[in-house]
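Right, one structure below, let's go through it.
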Amino acid sequence: LDLSAMNDSLHQLSDSELETLIQARTDELRATLTALKESERQFREFAEGTVLGVCMHKGWTPHFANQAYCDIFGYESPQELLDLGTIDYFFPEDERARLAEFREARLRGEEAPAIYEVRCLRKDGSSG
């Protein structure tokens, strides 16, 4: 991206042309935001209504869990689960190591299984 060339091009536009360009970009961003909000609403509607357990995390920090996931693992509510601050508690140590290996391989651009089974721990420490 050549910012110098872009800057030169913008200086050659009239105020009216620049306003039109900015308005078009603003409209495009508004439409994208509206579509994103609708997509998020549809996902939440699905995830909160399914009997399947859903937990989304980034770097082991949970950002979303549905009630079904909490029920499976023995937690009262999604908030209780989110308050843990990590999903480490759901996996025995050997499974955490295996999952970390998969993650690291993906980050290095190497192949790692996309589908696999994993042993989990419930809040009471029982395994499933």
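Points to keep in mind about this one:
- Within segment 7-19, considering residues that are open to solvent by 90 Å² or more (accessible area, probe 1.4 Å) and in a helix (DSSP H, G or I), the one modelled with the lowest pLDDT: 11
- The lone exception for residue 111 - which of (1) touching a helix residue (DSSP H, G or I) at 6+ places or on another chain (Cβ under 8 Å); (2) within 17 Å of residue 57 (Cβ to Cβ) it fails: (2)
- Screening residue 64 against (1) open to solvent by 50 Å² or more (accessible area, probe 1.4 Å); (2) part of a strand (DSSP E or B); (3) touching a Pro at 6+ places or on another chain (Cβ under 8 Å) leaves a single unmet condition, (1).
- Pairs linking a residue in segment 10-38 that is touching a residue at least 60 places away in the same chain (Cβ under 8 Å) to a residue that is of a type in the set (Val, Ile, Thr), with Cβ atoms under 9 Å and 6 or more positions apart or on different chains, do not occur.
- Some residue of segment 68-78 being under 25 Å from residue 115 (Cα atoms) and in contact with a Pro (Cβ under 7 Å, 6 or more places away or on another chain): yes
- Answer residue from segment 98-119, given it is open to solvent by 50 Å² or more (accessible area, probe 1.4 Å) and part of a helix (DSSP H, G or I) and is nearest to residue 55 (Cα to Cα) among those: 103
- Qualifying residue in segment 71-94 (condition: assigned to a loop (DSSP other than H, G, I, E, B), of a type in the set (S, T, N, Q) and surrounded by 16 or more Cβ atoms within 10 Å (Cβ to Cβ)): no
- Residue identified as modelled with pLDDT of 95 or more, closer than 28 Å to residue 120 by Cα and among the aromatic types (Phe, Trp, Tyr) among 75, 89: 75
- Residue match in segment 2-14 (condition: over 30 Å from residue 121 (Cα atoms) and among the charged types (D, E, K, R)): yes
- Residue within segment 52-65 that is over 29 Å from residue 107 (Cα atoms) and of a type outside the set (D, E, K, R) present: no
- Of everything listed in (1) touching a strand residue (DSSP E or B) at 6+ places or on another chain (Cβ under 6 Å); (2) open to solvent by 60 Å² or more (accessible area, probe 1.4 Å), the single unmet condition for residue 36 is (1).
The values are calculated or read from the model by the stated rules, or taken from the named source; none is laboratory data. This is a predicted model, so every value here is computed, not measured. Glycine gets a Cβ as well: all are built from the backbone with ideal geometry, and neighbour counts include every protein chain shown. Protein only, heavy atoms only, side chains kept; ligands, DNA and RNA dropped before computing areas. Shrake-Rupley method; radii C 1.70, N 1.55, O 1.52, S 1.80 Å.
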